[in-house]
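Right, one structure below, let's go through it.
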Amino acid sequence: MKHILDNLDKAFENRVRLGIMSALMVNDSVEFKSLKHLLKVTDGNLASHLKALEKVNYIAVTKEFLDRKPNTKYSATDSGRKAFKKHIEAIENLLK
Amino acid sequence: MEQYIEDLKEIKDIMNRSSRFISLSGWSGVSAGVTALVGAYFAYQTVYTNQNYLGYRQAQLSPENLVWLIGIAITTLIIAIGSGVFFTTQVSKKNNQPLWDSQTKRLLINLSIPLITGGMACLILLSKGFVGIIAPLTLVFYGLALVNASKYTLQEIRSLGITEIILGLIAMHFIGFGLLFWSIGFGLLHIGYGIFMQIKYRP
């Protein structure tokens, strides 16, 4: 049992972070605005969780300007994808 | 344990909502179907006047009729698309979802590629005088467009697309019944699927 729990990723323990990764897994990149809408969270809340995922290098950020307005896009990194898959497998094993 | 089951459910839900266009309204299918049937009726009146009503018939296409037909086709298309957009807007408003986002764009682009190809192919064939093949071809290309776009929206669209393709191929064989098959594909199938989707997704 303990061994299975070890495979659960601390970075995904939070619902919002799990949600962010879920969206990034199936999209090349997602805008901040879309994430906010999708997960129904506040700007500050979302930003802090994005920061946390960025810190462990699970997501990458690209900033560009669209019509002179800043547009921030997020995408999952390879290590983020791997970690997420491992986390899901751990949950599935736990439920077996 | 409960919490993990909930987590998996939410992950699936978010993956779906973030990658697929789900605000499709069943009513837009119904309205497109009804519009198609009305359009087909007018087309029928134009093409098959003064002929016996049983069996195989020849389409009568004078230049004057052709202009009428193209007019009917364009009007039908505009009303069908317009009502589709209207009902879908209602759904996304109700779900509090943005209508014009990356999912919508992705869906429309993938729908448009086979659709525009088919439309152009039909216009070219029409200009060369191949009238009979048009109705079956529109069904085939529309079906291909739906299959292509189904990855980005509700999964039922895929089987609707495959049905349209089969119907189009049958119509290509029985070319004299083109308008009939066209009415089934664009009219009845749309209405049937629309009602089914409405019941399944928005009870």
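The values are calculated or read from the model by the stated rules, or taken from the named source; none is laboratory data. Since the structure is predicted, the reported quantities are computational estimates derived from the model, not experimental observations. Cβ: placed from backbone, ideal geometry, glycine included. Neighbour counts: every protein chain shown. Note: areas computed on protein heavy atoms with side chains; ligands, DNA, RNA excluded. Shrake-Rupley method; radii C 1.70, N 1.55, O 1.52, S 1.80 Å.
Some values worked out for this structure:
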read-out	value
Computed accessible area, A:Arg17, all protein chains, 1.4 angstrom probe, square angstrom	60
Computed E for B:Ile113/B:Gln155 - FRET, C-beta separation, R0 22 angstrom, nearest 0.05	0.65
Calculated P(r) tail over 21 Å for the range B:70-179, as whole % of Cα pairs	43
Selected from A:Ala47, A:Ala83, A:Ala23 as most flexible by GNM, with chain A as the system and alpha-carbon contacts under 10 Å	A:Ala47
Sequence-separation-based contact order of the range A:22-82, relative, with Cα cut under 8 Å and 6+ spacing, percent	40
222 nm mean residue ellipticity, helices alone, for chain A (DSSP H n ≥ 4; -39,500 (n - 2.57); rounded to 500)	-17500 deg cm²/dmol
Highest-fluctuation residue, B:Leu37, B:Leu111, B:Leu77 considered, GNM on chain B with Cα pairs under 10 Å	B:Leu77
Dipole of the protein assembly as shown, positive end: most advanced residue of B:Gly143, A:Val26, B:Ala36 [Cβ charges, Cα centre]	A:Val26
Highest-MSF residue in chain B out of B:Glu64, B:Glu156, B:Glu164 [GNM, Cα springs under 10 Å]	B:Glu64
Normalised contact order of chain B, rounded percent, pairs of Cα under 8 Å and 6 or more residues apart	32
Too-long pairs where the Cα-Cα distance tops 26 Å, listed order kept, from A:Lys40/A:Lys96; A:Lys40/A:Lys73; A:Lys55/A:Lys96; A:Lys10/A:Lys36; A:Lys10/B:Lys9; A:Lys40/A:Lys85	A:Lys40/A:Lys96; A:Lys55/A:Lys96
Distance in nm between pseudo-label sites at B:Trp100 and B:Val38 (7 Å out along the Cβ direction from Cα)	2.7
Debye, to nearest 20: dipole size of chain B, +1 on Lys, Arg Cβ, -1 on Asp, Glu Cβ	120
A:Glu13-A:Glu64 pseudo-label distance in nm [points 7 Å out on the Cα-to-Cβ vector]	3.7
